[in-house]
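S.K.: The structure's right below; bear with me while I get my questions together.
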Amino acid sequence: MLDGVETIRTGLALVMAGLIFGIGLGITFGVNEDVFKDYVAEGVAAYPQVHDEKSESKIWRYAQRAHFHANGIAAFSIGLLLLAAGSSLSAGLKKIVAVLIGLGSLYPLAWFNMFLMAPRIGRDAAHEHILTEVLTYIGVGALVTGLLLLLLNVLFGLFSESR
């Protein structure tokens, strides 16, 4: 078992960091949700030219989405990493697949980035910001690539250590 974990250690660390981020957001919401809502309200009031009547609720929703996505992606990624550890992939490819799956934890940071930026620059600009797009493309692209490699191995025996 420890040999299998060794090959996925980096990916597991990334996933656990994402899980801690998601849980930490949830705890912070529970302790003082108003910190988030006040941050949004102050930004919307300071920059009314880039907002509409829906801005406050939608921007607050970005923080919630960061929390939901961080926990959800981490939950299924842990399962994928365990599947990778037990797969017939070579040790090197297991490490690569694990890192790719672990990088999926960047996607929730895109939502959190939008939450942080939108009060100042508006929702559309926050959605289209380069950092948001980089986090989205790397997070989703890496996760899908890692999942695809793992599925090709598990379902069709491709990339097996014995091949």
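Where a number appears in this text, it was derived from the coordinates with a stated rule and is not lab data. Just so it is clear, the structure is predicted and the values come from calculations on it, not from any experiment. Don't worry about glycine lacking a Cβ; one is built from the backbone with ideal geometry, like all the others, and counts go over all protein chains shown.
S.K.: What is the sum of charges, Lys and Arg at +1 and Asp and Glu at -1, for the other residues whose Cβ falls under 15 Å from the Cβ of PHE29?
M.R.: Details: positive: LYS37, ARG61, ARG65; negative: GLU33, ASP34, ASP38.
Overall, the nearby charge balance is 0.
S.K.: If packing is taken as the average count of other Cβ atoms within 10 Å, what order do 93-100, 44-51 fall into, highest mean first? If you can, show how the numbers build up before the last one.
M.R.: On the way: 93-100: 22.6, 44-51: 13.5.
Packing proxy ranking, top to bottom: 93-100, 44-51.
S.K.: Could you name the lysines whose alpha carbon sits less than 25 Å from that of LYS58, not counting residues in the same chain fewer than 8 places away?
M.R.: LYS37
S.K.: Within region 1-109, which chymotrypsin sites (Phe, Trp or Tyr not before Pro) sit in a loop by DSSP and count at most 14 neighbouring Cβ atoms inside 10 Å?
M.R.: Sites meeting the loop and neighbour criteria: none at all.
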